[in-house]
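Structure first, commentary second.
The values are calculated or read from the model by the stated rules, or taken from the named source; none is laboratory data. All figures in this text were calculated on a predicted structure; none of them were measured in a lab. Positions of Cβ are generated from backbone atoms using ideal geometry, with glycine treated the same way; all protein chains shown enter the neighbour counts.
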Amino acid sequence: MSPRNSRILKWTGLAAVVLVPLAFAGLFVGALAQSDSAIDRIPAAIVNEDTMITTTDANGDDQIVFAGRQLVTELTGADGFDWTITNAESAQELLDSGQVYAILTVPEDFSESILSLQSSDPVKADISIKTDDSHSYLTGSVAQVVGQTMTDTFGKAITAQYIGGIYASMGDLGTSLTQAADGATELSNGATQLSSGLQQYSDGVSSLESGLWQMSDQTAALGQLSSGVSQYTAGVSQLSSGLSAIAPYLSAPTPELQAKLDAIVGGLATTAAQGPALASGAAGLPALHDGITQAASGASDLADNGPALVSGATGLATGASQLATGLQSGADQIPSTDTDAAADAAEVVADPVGLNVSTENAVTDVGQGVATFFIPLGLWVGALAVFLVLRPVTRRALTSTARNGRLVASAIGRASLVTGAQALLLVALLHGALGVGWHLLPATLGFSLLTALAFTAFHYLLTIGLGRGGLVVSLFVLAVQVTSTGGIYPIQLLSTPFQVISPFLPLTYAVQGMQGIIAGGSPGSVVSAAAILLGFGVVSVLLALVAIRRTRRATALGLVPSVV
């Protein structure tokens, strides 16, 4: 290499080194450029299991209550998560595979619980959010914040509807009391009519009394009739006595005539005997007749007043019924609870929608969650540091007759002893200091060693192909990976370009596999991550073979320094 080209390469390397810190800072700034709408891009699933309820209002009309659908509509139309509406089974599959970070479930009794706010025994309507730490450590916290904000907003709307219902009920109560007042008015009118009818009844009774007094007066005036009857009966008695006296001296020409004569004498005697009673009875007949006539007249008046009396009584009954109905309707709209029940009801109404957050494969220790990212990061930096100290190949090796594969295997083997020791120490720290269960040691150690070997092979490729400049490239790649790798936070929080390149970065799969092991996620995701890292290492080795072949050819032509 000419001195001029060597100086250009040197200054280019120095410029790259100067730009490394700016690259780290600039990438983070660029990654968070769309942070204002970042949460809206986090995928989550909604499972609405709510059951629709049909109720009947006071007017007898059917009312459909489907609060779960209302909640889902508000969620999908508001900020916070990229919601996918699905069923419980599909949502769980999406969560297990990491295609969504959270599942929000609306229970089947959600509408029933919302309706209970109108009863004397209200029940809080709970929804649930499920997350999985094996895909993103911070998603659970983000989901809880979003979920709590959503429940608070929806709960306030429900409370507002409830308070509005109270005011409406108060209006209905006023209407009911107005109806009760109208009923009381009719009751009063009926009572007035009843009073009037009773007055007429009293007047009729007075007329009857007057008639009776008139009958008494008229009885006293009929003495002459009584005297005449007495004279008549006296004459009959004298006639009967005379005939009885001469009867023995009378002799009828025939027996039949004699029998008739005897009958006449006997009849006159009987009539004469009944004369006093007849005279006594006859004395009262005229007054009795007049009294009865007047009594009939009074009764007629009483009968004429009867409809008014009945109408008044009917109005009284109707008014009383309306009054009772109105007052009962008003009473039914006022909840009847004791002090404790009222306090419980007030608490539910103030916060009608609750949130239950559950986490599958939960990582309860913050250090363990952070370690899933920093252990792979440490292995990358460790591999970079190894090739700052070790030479990837010497000129003697390049000019030897050793095969390219042997040279690559020898260099990577020496470096892997160091990076393997680094992995062992990091795993010991993970289990000893951070409290990860020792039963996971085979998995964590095996995966860390595989990661270390893959990163070692890649850094060997960089140094054998680009020399010391390859280590600067490693720093730039590291900056991109630190920015674009998910795990601790959802990758959807980043700007679109960083989301696109994330699946092509080895650190992404190193974090994914370590996270799956520590959190206890799906074994398939861990195996998949290990397979990708193995492929990454194998490809690095194959490219290193190509790179060392070119380096040996350049060395033979005197185009490279004596030591790479």
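Observations on the structure shown:
- G420 being within 13 Å of L449 (Cβ to Cβ) and assigned by TED's automatic domain parsing to the domain that holds Q481: yes
- For the range 96-106, residues that are more than 19 Å from the chain's Cα centre (by Cα) and surrounded by fewer than 23 Cβ atoms within 10 Å (Cβ to Cβ) total 4.
- For the condition in contact with a Phe, Trp or Tyr (Cβ under 7 Å, 6 or more places away or on another chain), crowded, with 24+ Cβ neighbours inside 10 Å, touching a residue at least 24 places away in the same chain (Cβ under 8 Å) and aliphatic (A, V, I, L, M), A479 does not qualify.
- Residue ranges of helices (runs of 4 or more DSSP H) in the range 388-474 with at least 1 members basic (K, R), modelled with pLDDT of 90 or more and within 59 Å of the chain's Cα centre (by Cα): none
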